[in-house]
Every structure is written in C-alpha cells, then in structure tokens.
There are 2 protein chains.
Amino acid sequence: MKPIDSRIRTSLAASSRATISDVAREAGVSKTSVSRFLNGEQSTLSPGLRRRIDSAIQQLGYQPSQLARSLKGGRTRLIGFVVADIENPYSVAVLHGAEAACREQGYTLVVCNTGGDRALERRTLAALTSYNVEGLILNTAGWPEGLPPDVTASDVPIVLIDRRLPGHAFDFVGLDNAAMTGLAVQHLTDRGFGHLGFFAQNLAGVSARLERAAAFCAAAARTEGCVGEVHELGDADPAAVDGALKAFLAAGRGRPVAVLAASGLVTLRIVQSAARLRLRIPEDFGLVGFDELEWSALVPPGITTIEQPTKDIGASAVRGLLRRLAGDASPAQDVIFLGRIVERGSSRRPECPGTAISPADERAARP
Amino acid sequence: MKPIDSRIRTSLAASSRATISDVAREAGVSKTSVSRFLNGEQSTLSPGLRRRIDSAIQQLGYQPSQLARSLKGGRTRLIGFVVADIENPYSVAVLHGAEAACREQGYTLVVCNTGGDRALERRTLAALTSYNVEGLILNTAGWPEGLPPDVTASDVPIVLIDRRLPGHAFDFVGLDNAAMTGLAVQHLTDRGFGHLGFFAQNLAGVSARLERAAAFCAAAARTEGCVGEVHELGDADPAAVDGALKAFLAAGRGRPVAVLAASGLVTLRIVQSAARLRLRIPEDFGLVGFDELEWSALVPPGITTIEQPTKDIGASAVRGLLRRLAGDASPAQDVIFLGRIVERGSSRRPECPGTAISPADERAARP
DNA sequence: TGGAAAGATGGAACCGGTACCATGCCGGCT
DNA sequence: AGCCGGCATGGTACCGGTTCCATCTTTCCA
C-alpha cells in the first residue's frame, strides 16, 4: 500500500511540483528538518532522519522553489544584466565574461536587452529589482537629463558598464577612453595621417562616445598640423554614411585622411560605405576602429582595431557587485582598463614603400 | 506632523522597500483594497479610496514585489531562454526576435548561456524552473543519450530552437535543413563545382548539423558526378582546420571543389584558414555558409550564405509558448522555416568568363 | 417600511519556504 | 539523586502578496 500511495503522490508532483510539506509528510518529519537538510545540515540531523528525507526527495523529485526561498531570506542569487544593444559584439563579450564570473560564484545572470530604449530600460530595471535581483550590471542607453529617481530609490547595488551616468554615484567599469583615443590618434599621426575624423552614432548621453570624442579633439589639437573633425552618423541610413564619408574625404584636400570609428558598428558602416563608394583602404583613407571584431583581420587590408579586455570588464563588474553585497560601503569606484591597439593594414600609409603589399596580407590573414 | 511622519517612512522605504502593508497603513485601508487597486479595480473601489491608495503609493515609492506576487498566483510573466552559445550571431538574432515578441506580450525574457556545457544546461533549466518561469525556449547543447528525466518532470512548456531532442515531445522551431542544404548543393553543382565538402564542428548530438550533413550526403549522392565529403573540425585548433581544408582540396584532384560550412563559426574558420594558406576563393575553392553574417558581403569576393529568418524563428518560439500557456494541449508541433540563399562571389565559378571581375566586387559591396 | 440584492471594504488563510523559539531526551556533574 | 546543559527535532510566525468569504452599507422594490 505504501508504494502505491507514493506512486500516486509522485504523479501528482509531476503535474504540480512537490513542496517542502510534501517531502516532510512523505518522510514523516517536520518542514524544519527538511529545510535544514536542504541548506547544510549544521544541526547534524541524525543519520536516520537524513536518510528518510533524502529518499523522500528522490521519490518526489522535489526541487525547492527559489521563489519562495527568496521571499523570506532575500538571497535570490540573481544578478541582472541590462544591456543597451545585445547585437553589439562588445556587449556580448562583456556579458560572456560576467556570466562566467557569476557561474563561478554560484549566481545566475539574468540578461535583458533594451535596444537603447530609455523607457524600456526603466521598466526593465524596475522589473528586475521587483524580482529581487541582488545586483545590477547596467549598460545604460544614456540619460542626458539624469536617471529618474524611482530607479535609484532601490538599494540594489549597481555597476555601470562602458557608459557612465553623470550625477550618480554608481560603481563603474570601462575603458580608459582618453588614453586609448590618444594612442589611436598618435598611431595615425605617426603614420602620416594628418586629417582625422572621429565617426560615431549619436553622441548624446553616451559617456563612452563623448569621452572618446573629447579626447579625440584634444589629441588632434595638441598634435601639430593635425586637423580633427567629429561626425555623428545617426542611425542606419547608408546614404547618410556615404555622404558624411565623402564630405570628410573632400575636406582633407589631398592630405592623408583617416577615420577613427567609435564602435564596432560604426566600423562596419564605414567599411560598407567604402565598398559602396569604391574607396580603397588605406589608400583613400585610413581606418582605426574601437572594438576588435571577428572579421577585423579578414576584410582587406585588415582593420586596425582598439581591442578591449571585454572578459575582464565583465568579470570585474561582477566582482564589484559581490564586494558591495559583502558589505563594502566605500564610495563609488571606477575600474578603468587599458586596451590594446591591434595594428593591421587599414592604418598603414601606402606611401611608406613596401608595407602595403604582401606583408599586409599576411597580417590580415592572422585571426 | 503628517508630512514629517511620511517623510520618515519614505526614507525607510528607500532603504528596505515599502510593502503592500505599508501602503495599506499609510492609506488607512486594508491590504485587500491595495491589492485590488494594483490589479485592475474590478470591484470599482470608491473614488476616495482609490485616491488615497494612489497617493500613498506615490509617497512611498511603492513597487509590488513580483516575487511575492508570483508565489501565490504562479504568473511570473517570465520566459527563460537557454542558449548553447551566446557568441553565435545566429543565437543572438533569434534571441532578439524572441525578446521583441515577449516584450509585446508583457513577458520578460531571462537569458542564460550554457556555453554548450550539458551539466550547466541541466542546472540552468532547474534554476529557471525553480524561479517559476512560465515557459522555456531551449537551444540545447545536445543530449545524445537523451535528456535526464528531472528536466522533463516539470510541466513548464518547452520550445526547442534549431536543435531537436530525439525522443522528447517538445515543440520545435527551426530551419528546413533538408531543403536548404539541397538548395545549397544544387547551387554549387549548378555552378560547376563537382567535389563538395560539408564542414561542421562536432556533429554528435546536434540535430541541425546532423540533418544538414545527412541532406548533404543525400543531395551529393543523387547528383550525377558529384562527390561529397563530410568533415568534423572539432574545436578551435587552427592547424586542424588548415589540415582538413588542405586534405579536402587535395582529394578534389583538380576538379572544382567547394565547401559548405555548417554554421557561421565554421564559415569564419574556413575563411581564416584560407587566408593563412593563401588560398583564393572561389578560384581555389568555392564556399557557401549557413547563417548570414554582418561581414559576409565585405570579405572578398563576398561569401554566399544561407540566410535564416532569425527574427521569425524567435517570435515563433514565443508564440508557441504562449499558445501552450493558453491551454493548447495538442501534440508537439514543428514550425519549419525556409531560408534564402544570398548569392555572392564565393560560389561563382571563376571559369565562367566575366563574372569574377568587377560585378562580383559590386555584389560584395552590398551590405 | 422591511428585507433582499448589490456594492464596497476588511479579515484571514494561504502560497512555499526560513528561522526563531520551545520541547523532550539524554548524559554528566555536584 | 537531582539538576543543568546540549542536542535533535518540531511548532509556528513570518516574508509580501492574492483570494475567498464575511460584514457592513446602500439602494431599490414589494
């Protein structure tokens, strides 16, 4: 009779999940003992009890509800990752790093994409905090007028990635944009490019782009005989990109010109535009782009990129969150990483003899 | 005195979140009324009550806890998306489609990456169900010996994406691999390629790859004078790719050879290998790859790809889930999409006069 | 004018866990 | 021998909502 009984209960459990009370009943013990068993048997339950509980759990296929568990204790072991553009390989790479770090620490990463929509970002943050995530990693769409107060009201620790929120004391992890932009400008001027253009989508509200643009202007200004222009491409219109690129090249008036692209997406747009306009790189213009891409080495003559330590950035964000969760209440902290310029053909001046031919291809062939 | 009182309570709320009881107390009503107010005031609360509750909510900055809400009712409005490889652009694109569909329906998509790790996939599924997600979209790492029973025990509806689980009656959304592979083979043989190679990572357990490989062999076999080879590249070793590619080309014995790459990642590896080995496409070998990539048009001579309707696949998966949630208990259903071959230079036979020169470049320049 | 129906509101149980405190039992000490 | 303390275990309140049911008005009709 016992086996039949438990078999019935098992099938019930399959259709509506066994609870801790079911297990307690099946094992003939109290909920408390089952709970103790589940959490780490500090009170050293007697071997007999332990055995009975264990077999009851097996029998019922019991899995504790994290939902109910979190309601009392607050520990959800959940970290939210809110990303502005999931289609940006940079974001995916950071995400990957964060996810690995979370897994290592027993946390689960919950990823939500906002597509750069501020209203959605707000709703998403509210939703995640209402699920009691213990921390938030935020790659914000940018709030030029400041983040609405309801978001900051909650006391979940937040770490910003790549983009700051001026006026808010959140931890931040990102690239040393000033230094890397300076290096990129120097890289180009060293190679004889005298007329430089910084191309971005819209600058407004996105700190990484603003910092890069500012550093670009500063670096161009302090380099003798170097002219720097900033172009905003806006969203998605190929004709607009073509127009901006042509205008920029014309403004060079025969001097060697080069583009510094503010992101992987802009690099893609520029390369597409060059193909459409039958412009050669680096003969017609040089190119350096932020963010290393899987195809950087494959598109002739190879695109010089500024590679970011994306895995480290993701891992560092998680570390920062865990530090806060452990009780660290020190002032907001910035973690700034340096990147690396990966030199390829697109920033090599064709005038320098011998460099534009086969060695360039060799470099380009390296993955 | 009232304002001071409420200000104190406000600051308390900021540090530990207001609850429905706080709101009820502040408004001088019962929890029940507040709950009614929050859910849709079916019982038509009196205007006075409504006003008081509303202002109490504003005052306290109250946000209901989804956690607690879900505990009773079960409606978490959460859908889990478990993806085997978040770095695969195909997965991201599907994810994007699913996410848009979820948002439209008021659901939140929770994304978890398993990196192709079966044990982790299992843990992730358990974790998500223990958070009471209402449905699961699963891009499985593949279980050659079948999914462990504890995963299937839960009664959350599951939709598989791209990869089937033989022996399980789950809904499925994916590509018509047989048809698209057949078209690709015909595309290549039409253009004079007689010796074909299907290149994949490891076939084991991944239905999409297996179906493509099988369809490839079948198509090659029924095409007169066509030879088909299947190559497994394994993971990540460039030398192995180079070796396999060279061996394959040698086996062609001078006949026009072409590679069919089973995924975007394989396409990348093949193109990288070709660059390393100084092989020209399509002169030394033709190439068609599954999955459209942002750089397909940019790498000379342009890579011919099999484009999948990724957004539709993602949206369809969500639709399927919602259908199940609405109570549809009909047998498991397959939704199979057709793709589209995007022809570019990599599958154009150089022998055909006039096609390998500038028109090819023009095609390649199109984004 | 009385009573029933309809409407507004509150009380309390419940969801599935956690955690504090109580209880019963046993052994060791004075 | 009696008391105290530690250990194993159980009882129960509580987390923050939802929901059923009870209660109190109000209204309308006989």
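The values are calculated or read from the model by the stated rules, or taken from the named source; none is laboratory data. Note that the structure is predicted; figures quoted are calculated from it, not measured. In this analysis, Cβ positions are derived from the backbone assuming ideal geometry, glycine residues included, and neighbour counts consider all displayed protein chains. Side chains are part of the model used for accessible areas, which takes the heavy atoms of the whole protein and leaves out ligands, DNA and RNA. Shrake-Rupley method; radii C 1.70, N 1.55, O 1.52, S 1.80 Å.
Within region B:157-189, whose backbone N sits under 20 Å from a point 7 Å along Cα→Cβ of residue B:232? Within reach of a label on residue B:232: B:163-167. Take residue B:334, push a point 7 Å out from Cα through the beta-carbon direction, and compare it with the same point in every other copy: 5.6 nm, smallest first. For the Cα trace of region B:219-261, dividing Rg by the Kirkwood Rh returns an Rg/Rh value of 1.01.
Spherically averaged projected area of the convex hull of Cα atoms, the protein assembly as shown: 38.6 nm². Here, chain B has an Rg and a Dmax of 27.4, 94 Å when only alpha carbons are counted. Legend: distances between Cα atoms for A:246/B:311; B:31/B:72; A:311/B:246; A:72/B:72; pairs beyond 22 Å are A:246/B:311; A:311/B:246. Fully extending the segment from residue A:46 to residue A:328, taken as 0.36 nm per residue of separation minus the present Cα-Cα distance, adds 97.7 nm.
Beta bridges assigned by DSSP with both partners in chain B are antiparallel in approximately 5 percent of cases. Comparing the full protein assembly with the isolated chain (1.4 Å probe, heavy atoms, ligands and nucleic acids excluded), the residues of region A:95-144 losing at least 50 square angstrom of accessible area are A:96, A:103, A:111, A:113, A:130, A:131. Helices that extend 15 Å or more along their long axis by alpha-carbon positions and average at least 0.5 on the Kyte-Doolittle scale are, among the DSSP H runs of chain A, A:238-251, A:264-276.
GNM remark for chain A: springs join alpha carbons under 10 Å apart, and the peak mean-square fluctuation among A:39, A:132, A:88 falls on A:39. Per residue, the protein assembly as shown exposes 43 Å² of solvent-accessible protein surface, assessed with a 1.4 angstrom probe and all protein chains in place. Three semi-axes describe the equivalent ellipsoid of region A:60-104; taken as square roots of 5 times the Cα gyration tensor eigenvalues and ordered largest first, they are 29, 12, 10 Å.
What does the buried accessible surface come to for B and A, summed over both chains, with the probe at 1.4 Å? Round to 100 Å².
4800 Å²
Element breakdown for the protein assembly as shown at a 1.4 angstrom probe: carbon and sulfur atoms account for 53% of the accessible area.
Distances from residue A:106 to itself in the other copies, using label points 7 Å out along the Cα-Cβ axis, amount to 3.7 nm in increasing order. Projecting 7 Å from Cα along the Cα-to-Cβ direction, the label point of residue A:250 sits 5.7 nm from its equivalents in the other copies, listed shortest first. Distance between the pseudo-spin-label points of residue B:179 and residue A:21 (7 Å out from Cα toward the beta carbon): 5.2 nm. Rounded to whole Å, the principal axis extents of the Cα atoms in region B:10-106 read 54, 33, 22, largest first. Residues considered: B:262, B:184, B:218. Largest GNM mean-square fluctuation over chain B, using C-alpha springs under 10 Å, is found at B:218.
Across region B:49-203, counting alpha-carbon atoms alone, Rg and Dmax equal 21.2, 80 Å. Using just its DSSP H runs of length 4 or more, each adding -39500 (n - 2.57), the protein assembly as shown gives a mean residue ellipticity at 222 nm of -14500 deg cm²/dmol after division by all residues.
For region B:157-231, the percent of C-alpha pairs falling in each 10 Å distance bin, counted from 0 to the bin holding the largest distance, reads 19, 45, 25, 10, 1. Computing FRET efficiency as 1/(1 + (r/R0)^6) for residue A:312 and residue B:126, where r is the C-beta to C-beta distance and R0 is 45 Å, gives about 0.90. Of all the options B:38, B:175, B:245, the one that moves most in a Gaussian network model of chain B with Cα springs shorter than 10 angstrom is B:38.
Can you list, largest first and rounded to whole Å, the semi-axes you get for region A:83-160 by taking the square root of 5 times each eigenvalue of its Cα gyration tensor?
Numbers: eigenvalues 82, 55, 18 Å².
One finds semi-axes of 20, 17, 10 Å for region A:83-160.
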